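The values are calculated or read from the model by the stated rules, or taken from the named source; none is laboratory data. Treat the numbers as computed from the prediction; the structure is a model and nothing was measured. Cβ coordinates were reconstructed from backbone atoms using ideal geometry, including for glycine residues, and neighbour counts include every protein chain displayed.
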Amino acid sequence: MNKQNLWFLTLFSLILVLSVYYITMPNELLLSNKNKETVTSTKVNEIIENVSPLVAMRVSLEEERQNEMDVLQEQLTNEATSGEEKNNAYEKLRYLNELPGKEEKHEKEIKKEYGIDCFVKIDNNNINSVCISDKHDSTLANNIMRLIQKSYDKKMYITVKFQQS
């Protein structure tokens, strides 16, 4: 008996045992699981409604970047893609992997220095920050821009937007 046949028999036996277990499971248990799923989905909807705007922005940015990374990974694995295109895709992928760390670093610096929750998005030379603050002050915005700029050697285009909590 070779390894392939052994694996097949093992997996088939596991599927058979799970099928028998599912069929013999009492109906009350299945119904209670459906009720729990309904309660859980209701709680999830409540949580989604109460999510802060910063979390929503972060999730949106993560989804956007993940989609872009999927496209780049597809380019890397595609045999029809030229070597130069694969190299460019790899560099872009590496850049996209570095961004969340830099953004988080800036968010922590702003939180530490000014006690303000912020969302920071880096896109090449553009850095956009959204700060949750009741105080909308141009001096504070300039200080945040200087704080972010001191991490870079070249000139970055930094914007600061304030939102009320």
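Determine whether the range 68-84 contains at least one residue that is among the aliphatic types (A, V, I, L, M), more than 23 Å from the chain's Cα centre (by Cα) and over 20 Å from Asp123 (Cα atoms). The answer is yes, given that some residue of the range 68-84 is among the aliphatic types (A, V, I, L, M), more than 23 Å from the chain's Cα centre (by Cα) and over 20 Å from Asp123 (Cα atoms).
Within the range 148-162, is even one residue touching a Phe, Trp or Tyr at 6+ places or on another chain (Cβ under 7 Å) and touching a residue at least 40 places away in the same chain (Cβ under 8 Å)? Checked against the condition, which is being touching a Phe, Trp or Tyr at 6+ places or on another chain (Cβ under 7 Å) and touching a residue at least 40 places away in the same chain (Cβ under 8 Å), the range 148-162 yields no hits at all.
Just the residues that are modelled with pLDDT of 90 or more, over 14 Å from Arg58 (Cβ atoms) and of a type in the set (Lys, Arg), please, taken from the range 112-146. Scanning the range 112-146 gives Lys112, Arg146. Taking the criterion of being hydroxyl-bearing (Ser, Thr, Tyr) and over 19 Å from Asn97 (Cβ atoms), the residues of the range 63-87 that qualify are Thr81, Ser82. Just a yes or no: is a residue in the range 104-114 crowded, with 17+ Cβ neighbours inside 10 Å and aliphatic (A, V, I, L, M)? Yes, the conditions are met somewhere in the range 104-114. Restricting the first member to the range 124-144 and to residues that are more than 21 Å from Lys102 (Cα to Cα), and the second to residues that are surrounded by 11 or more Cβ atoms within 10 Å (Cβ to Cβ), the beta-carbon pairs closer than 6 Å and six or more apart or on different chains are Ser133/Ile116; Ser133/Phe162; His136/Phe162. Restricting attention to the range 116-142, the residues that are in a helix (DSSP H, G or I) and surrounded by 15 or more Cβ atoms within 10 Å (Cβ to Cβ) total 2.
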